[in-house]
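The values are calculated or read from the model by the stated rules, or taken from the named source; none is laboratory data. Remember, predicted model here, so these are calculated numbers, not experimental data. Counting neighbours? That spans all protein chains shown, and the Cβs are built from the backbone with ideal geometry, glycine included. Only protein heavy atoms, including side chains, enter the accessible area calculation; ligands, DNA and RNA are left aside. Shrake-Rupley method; radii C 1.70, N 1.55, O 1.52, S 1.80 Å.
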Amino acid sequence: MVARPGPLKSSCNAGEFSRDLAGKINLRQYYSAGLRFKNVEPVPQAGFQVMPGTAWVADARSNAVRHYTLRVSATVSYTLIFSAGWVDIFRQDRVKVASVELVEITAGLLPDLSFYAEAATVGIFHPQLESIRLVRSAADDTVWTKDLWPYAAVPEVDLGGVYAKTDDVWEIGIRWVDGIDGLIMNFSVEGEETKAVRLVDDLGAPVSPAGTADAIWDIFAGNVQTELRDLPSLNSDVTVVHDAAQKASAYRVLVVTFGGSLAGEQYQLDARVVNTSLASAVTYHVEIGETEGEPLVSGAQGWFSGMTLAQDRAVYHTPPARQAALAMSQTGEYFNLNIEATGDNAARLEALRTQTSEKILAVYEDKYLLVFTDQAEWFASNRTIAAGQPLNWVRTSTNGITPNVPPVEMEGRVFYVSSNASEDGEDPNQGQVLYSAAYDDVSTRYGSKPESLLGQHLVDRVNGAALQKKIRRNAAARWWLPSETGRLTCALVVLDQDILALVEWIAADGGKVRGISVDGQNQVWVSVERGDTVTLEIMEESHLNLFQCSLDLTTDLAGEVTGLELHEGREVWAEADGFILGPFTVSDGAVQLGDAYDTVKVGLWQRPVHESMPYYRLLPNDEILQRPGRIHAVTANIIETDSIAIGANGSPPKEVPLLSASDPVNAPMPPKTQKIRVEGIPGMVDGPTLVITQTRPGRLRVRDYQPEAKL
């Protein structure tokens with residue numbers, strides 16, 4: 001067949017598109033996308049490759065699990081797997097070091113647990129759970145102790161109850177010298193000033209304070225009381241009396257009490273003499289008015305929902321009594337919440353100034369402190385947090401964030417998943433959108449933009465997240481997003497190259513992903529439910545492991561592999577001394593390979609699939625000619641590949657032979673880096689697509705491909 005020119009597909013940067021966009025060839029990313037990216041991922045600007053396999057680590061206790069990671073150093077970290085009543089702890093080398101019983105954690109609490117980990121400490125938070133602390137022994141990492149999170153000086157606040165109140169009491173000391181012939185004073189409370197009050201006798205005539213009887217000072221106290229009660233913010237519950245017991249030569253004392261309805265608050269009282277320099281007045285606090293309140297968090301009111309670190313302060317959020325509140329610890333003292341202390345480093349209590357009932361779901365430290373609620377995103381425009389400076393909260397958008405999906409930073413932007421309600425309003429996690437936000441110095445605020453609109457079907461009911469940093473074999477970070485349905489979506493981001501691709505990692509044998517985390521060594525741990533078993537697995541790049549839930553075993557002299565009870569009744573494949581063998585069905589925990597091998601890796605296999613976007617004929621005037629067409633041939637460049645199958649036009653993909661006469665006879669076929677060509681592909685459909693997949697396990701990387709079509 002004569003070769004025909006066709007579009008060169010050298011980039012898959014856009015990932016998987018929704019089928020709603022099939023045929024939308026006017027989209028800029030159309031020819032960089034595909035209808036299916038299943039267990040394959042884009043290589044930035046260079047085609048695609050198979051996604052990682054997994055190795056079995058341990059059996060999980062149940063299908064309801066939560067993951068968290070304690071990063072100790074660059075070489076040591078621990079993955080904590082929480083289930084109802086227990087936490088199982090694994091070191092980065094896949095060794096289980098401890099199991100700690102946590103009877104307080106029930107199945108009902110598990111989905112909404114929040115964690116914080118640093119050094120040798122892990123904090124466990126939930127509004128209905130008194131915060132728990134796990135501490136690793138420095139001498140022996142198999143020893144972990146459990147106690148309560150040691151909050152100190154929890155703020156006492158008014159939560160709407162009936163609380164004891166104390167009066168605010170001041171004394172005014174008045175002193176004069178000989179020769180004074182009269183006294184006029186005025187007073188102020190919280191900046192509100194009274195009219196001048198003159199010292200007079202019972203007939204209203206001015207008198208000198210020198211040698212004046214107690215009765216005259218009683219009259220003066222009554223006149224001061226009258227003026228204070230006339231102030232706008234006060235009432236008849238303020239009293240002023242002359243304290244004759246404290247009198248001395250040329251000295252008198254007035255006692256001012258803010259009681260009754262005025263009790264429980266602290267006032268600022270000032271007094272001054274306005275008619276002479278021969279007298280003076282000084283005010284001083286005798287008793288500070290306070291309302292006792294109750295602890296912000298307690299067994300009765302509930303506990304903080306989570307904690308993060310910002311500017312060397314522990315930021316606790318979402319106490320049940322005030323779900324828009326933040327309690328910030330003293331600088332460097334993460335347990336100290338004493339808001340009565342003074343100084344810029346002292347603890348402080350904050351709350352969002354919102355007109356609606358918002359619930360804080362996440363706090364993130366970026367250029368400014370970001371707070372995400374169920375309805376909006378906020379940032380504090382203050383660059384630093386100081387106890388004496390109120391934070392200015394600015395709302396940046398009304399997207400809201402999904403619970404238990406913390407924001408992450410990639411390529412200089414903060415990514416998060418919104419919590420948009422579904423059309424029927426029943427599930428707030430349906431119709432989610434992946435957003436990215438960055439601070440704009442021109443508008444002086446954070447701006448959010450949607451990033452997942454073209455692959456919206458992959459962002460649905462997301463209930464967790466884990467960020468895997470860039471690795472050597474792939475220049476893009478992976479943001480893993482598990483779903484309530486068991487689907488695992490992966491977002492790959494390289495914004496400088498205009499790459500944001502959504503792809504799907506499918507668990508073999510109908511598995512459902514129930515939990516995921518990334519440890520300090522950038523290894524991905526995943527919990528997968530298959531039938532009635534749940535396994536903890538760790539991802540390994542495809543050049544190391546082609547299978548899922550794989551086991552490293554050996555054969556006996558007859559070629560039988562035992563120890564496969566985990567996969568009883570399932571179809572498995574094996575890689576034995578480099579040869580791909582299978583499929584086999586596990587029976588009585590064993591399979592028969594036929595020959596003895598030194599090293600055998602046995603596991604489940606999930607077929608990778610890439611399907612291109614549909615091809616249509618574009619006329620010179622930018623019109624589209626829609627009629628049945630066919631892709632009859634394709635040329636592809638492969639790298640380090642030993643298994644590839646190609647199909648098109650709805651016809652089944654067929655294995656492309658890669659074995660050559662120069663390959664060794666008694667050794668596995670070496671992976672190929674070469675150009676391959678497939679011709680004579682049958683079928684004719686509207687909008688033909690090309691499918692690249694495999695019919696058996698093997699390494700697969702496609703640098704680019706060029707379909708040749710009659711459209």
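So that you can scan it fast, the table gives a plain yes or no per residue for (1) part of a loop (DSSP other than H, G, I, E, B); (2) of a type in the set (S, T, N, Q); (3) open to solvent by 40 Å² or more (accessible area, probe 1.4 Å):
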| residue | (1), (2), (3) |
| --- | --- |
| ASN13 | yes, yes, no |
| ARG28 | yes, no, yes |
| THR69 | no, yes, no |
| ALA74 | yes, no, yes |
| THR106 | yes, yes, yes |
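Is it the case that the stretch 311-320 has a residue that's hydroxyl-bearing (Ser, Thr, Tyr), open to solvent by 20 Å² or more (accessible area, probe 1.4 Å) and modelled with pLDDT of 95 or more?
From the stretch 311-320, those hydroxyl-bearing (Ser, Thr, Tyr) are 316, 318; that's our starting set.
From what's left, open to solvent by 20 Å² or more (accessible area, probe 1.4 Å): none.
Among the residues of the stretch 311-320, not one is hydroxyl-bearing (Ser, Thr, Tyr), open to solvent by 20 Å² or more (accessible area, probe 1.4 Å) and modelled with pLDDT of 95 or more, which makes the answer no.
For the stretch 656-682, what are the residues that are of a type outside the set (Lys, Arg), open to solvent by less than 40 Å² (accessible area, probe 1.4 Å) and closer than 24 Å to PHE37 by Cα?
VAL656, LEU658, ILE676, VAL678, ILE681
What strands (runs of 3 or more DSSP E) completely inside the stretch 523-603 contain at least 2 residues that are over 19 Å from ASP509 (Cβ atoms) and without any contact (Cβ under 8 Å) to a residue 60 or more places away in the chain?
Values: elements: 524-530, 533-540, 548-553, 560-562, 571-576, 579-585, 590-592.
Counting at least 2 such residues, we get 560-562.
In the set ASN392, ASN382, ASN345, ASN399, which member is polar (S, T, N, Q), open to solvent by 20 Å² or more (accessible area, probe 1.4 Å), in contact with a Ser or Thr (Cβ under 7 Å, 6 or more places away or on another chain) and free of Cβ contacts under 8 Å to residues at least 40 places away in the same chain? Let's see the steps before the verdict.
Numbers: ASN382 fails: in contact with a Ser or Thr (Cβ under 7 Å, 6 or more places away or on another chain); ASN345 fails: free of Cβ contacts under 8 Å to residues at least 40 places away in the same chain; ASN399 fails: free of Cβ contacts under 8 Å to residues at least 40 places away in the same chain.
It is ASN392.
Any residue in the stretch 630-655 that is open to solvent by 40 Å² or more (accessible area, probe 1.4 Å) sitting within a Cβ distance under 6 Å of a residue that is charged (D, E, K, R)? List the pairs, counting only those 6 or more apart or interchain.
Going by the 6 Å Cβ cut-off, the qualifying pairs are ARG630/LYS710; ILE639/ARG701; ILE639/ARG703; GLU640/ARG699; GLU640/ARG701.
Would you point out which residue out of GLU504, GLU560, GLU568 is in contact with a Lys or Arg (Cβ under 6 Å, 6 or more places away or on another chain) and at pLDDT 95 or above?
Details: GLU560 fails: in contact with a Lys or Arg (Cβ under 6 Å, 6 or more places away or on another chain); GLU568 fails: in contact with a Lys or Arg (Cβ under 6 Å, 6 or more places away or on another chain).
Exactly one residue qualifies, and that residue is GLU504.
Of all residues in the stretch 256-301 being of a type in the set (Phe, Trp, Tyr) and within 30 Å of ALA210 (Cα to Cα), which is most open to solvent (accessible area, probe 1.4 Å)? Let's see the steps before the verdict.
Applying the first criterion (of a type in the set (Phe, Trp, Tyr)) to the stretch 256-301 yields 258, 267, 284.
Those left that are additionally within 30 Å of ALA210 (Cα to Cα): 258, 284.
Values: PHE258: 0, TYR284: 75 Å².
Among them, the one singled out is TYR284.
In the stretch 154-201, which residue that is touching a Gly at 6+ places or on another chain (Cβ under 6 Å) and not in a loop (DSSP other than H, G, I, E, B) is least open to solvent (accessible area, probe 1.4 Å)?
Per the criteria, the residue is ASP168.
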